Amino acid sequence: MTKINYGYFKAYAVGLGLMALISSCSKDRNPSPTGAQPIATLGLYEKDSSIDKRVYIPISIVSAQPSIVYFSAFDTGSSGMTMDAHGLIPASMITNSGIQVAGDSVNVNGITVTNSTGTLFYKGPGSGRAVYGNLAYAQITIGDQNGRITTRRIPFFLYYKSEEANTKTIEPIHSSDIFGVGPGVSFANSAIASPLSYFASSNGTVSGFKLAKFSNAAFNLSGTYVSKLLTIGLVPADLSSSSGFIMHPLTYYPYGGYSPCISANVTYSNTTVSTAVLFDTSTPAISTIENINASATLNALPANTNIRITTTSGFTYSYVTAGAGDITQVANPSYTDDPRAIFSINFFTENQYLVNYSTHQIGLKND
């Protein structure tokens, strides 16, 4: 029986308590009319902690302890894999002040740990998280007995400590494991990008991925495996004008690379704001619209409020606010210290999503 380690994201995520077996399994392939095939089609695990929804992807480190599977939060809002060092390298190398690396790097359990350090900050109104670690390299296996694929040796962020930014309270181990698939690079180290971006294009595919619509019915406390949610490698049919995807060019920034944010107008309660919009699988069921004219607090919009998002490329999406578990709030950027409008995982239960790493575009499709 495979041992699965899972964590708890304080105010961010709850880990999966799911058992899985490591066994040989071929990956799903979907043929294209042109003969091109995606690199792999994998399932994800949907979980609802009763306070938010999350989607997880199973990860194991080749050569470290391949029988241990870690469920990482699948995140369209960040770039790069972030993984706790505990259980992957000897405990003697991990201290409260850092990972002990003699010289420029050390190879242990199939993982190359460098002496290049970094910090990730996750901000929130009045709170936040800081994650400390090192640039590392390893082969990783994405998926489990339901379907899996192994990467070549790729860079990732191996952290030794995650703490609440204000109180310095140490978070449980593996509670900050994140699988960031955004189009940019990690703020911890610019050498780290989405693990999915390292798959070489082949057989007519283009570097990228697409997400099928998440199943609302599959979100529950125990977690549900949903097949064929993630397709790695884009085929010509995905990128054609008849695919239904509306493509959005992305903006490059010296810090963080290409941003996953899209320019749009957001309308609510007879108010329209022009803003950068992020569709984020790692944001629970609370969406936030930033408005510089709003009061310096978080104000939840009443139930049955109509919300409309219109991107500058012509994609439109409308929804009606509900109650608990599907809240949209309005905030002043001076209070949140974040100018973006961030829409939660609920967006992905009604729409398809695509990232083209080669051309630096995000595709959106009503479903």
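For every residue, the table says whether it meets (1) under 20 Å from Ile232 (Cβ atoms); (2) not in a loop (DSSP other than H, G, I, E, B).
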{"residue": "Tyr132", "(1), (2)": "no, yes"}
{"residue": "Ile149", "(1), (2)": "yes, yes"}
{"residue": "Phe157", "(1), (2)": "no, yes"}
{"residue": "Tyr160", "(1), (2)": "no, yes"}
{"residue": "Glu163", "(1), (2)": "no, yes"}
{"residue": "His174", "(1), (2)": "no, no"}
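For the range 113-130, the count of residues that are free of Cβ contacts under 8 Å to residues at least 40 places away in the same chain, within 30 Å of Gln329 (Cβ to Cβ), of a type outside the set (A, V, I, L, M, F, W, C) and in a strand (DSSP E or B) is nonzero.
Conditions (1) within 29 Å of Pro195 (Cα to Cα); (2) in contact with an Asp or Glu (Cβ under 9 Å, 6 or more places away or on another chain), marked per residue:
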position	(1), (2)
Leu298	no, no
Leu301	no, no
Asn332	no, yes
Thr336	no, yes
Arg340	yes, yes
Ser344	yes, yes
Glu350	yes, yes
Asn356	yes, yes
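Contact map, the range 136-147: residues that are of a type in the set (Asp, Glu) paired with residues that are crowded, with 19+ Cβ neighbours inside 10 Å, Cβ distance under 7 Å, separation 6+ or inter-chain. Pairs shown: Asp144/Ala20; Asp144/Pro58; Asp144/Val69.
Quick one: in the range 333-359, of everything that is modelled with pLDDT of 90 or more and surrounded by fewer than 17 Cβ atoms within 10 Å (Cβ to Cβ), which residue is farthest from Val206 (Cα to Cα)? Selected residue: Pro333. Scanning the range 61-99 for residues that are among the polar types (S, T, N, Q) and either surrounded by fewer than 24 Cβ atoms within 10 Å (Cβ to Cβ) or under 17 Å from Ala188 (Cβ atoms) (or both) turns up Ser63, Gln65, Ser67, Ser72, Ser78, Ser79, Thr82, Ser92, Thr95, Asn96, Ser97. Name the residues in the range 249-285 that are under 25 Å from Ser194 (Cβ atoms), part of a strand (DSSP E or B) and out of contact with any Gly (no Cβ under 7 Å at 6 or more places or on another chain), would you? Of everything in the range 249-285, those that are under 25 Å from Ser194 (Cβ atoms), part of a strand (DSSP E or B) and out of contact with any Gly (no Cβ under 7 Å at 6 or more places or on another chain) turn out to be Pro249, Tyr252, Tyr253, Ile262, Ser263, Ala264, Thr275, Ala276, Val277, Phe279. Taken over the range 198-248, residues that are more than 17 Å from Thr281 (Cβ to Cβ), part of a loop (DSSP other than H, G, I, E, B), polar (S, T, N, Q) and in contact (Cβ under 8 Å) with a residue 24 or more places away in the chain amount to 6. The residue that is surrounded by the most Cβ atoms within 10 Å (Cβ to Cβ), counting only those in the range 257-286 that are among the small types (Gly, Ala, Ser) and free of Cβ contacts under 8 Å to residues at least 60 places away in the same chain, is Ser263.
The values are calculated or read from the model by the stated rules, or taken from the named source; none is laboratory data. Since the structure is predicted, the reported quantities are computational estimates derived from the model, not experimental observations. When we count neighbours, we look across all protein chains shown, and the Cβ atoms used for this are built from the backbone with ideal geometry, even at glycine.
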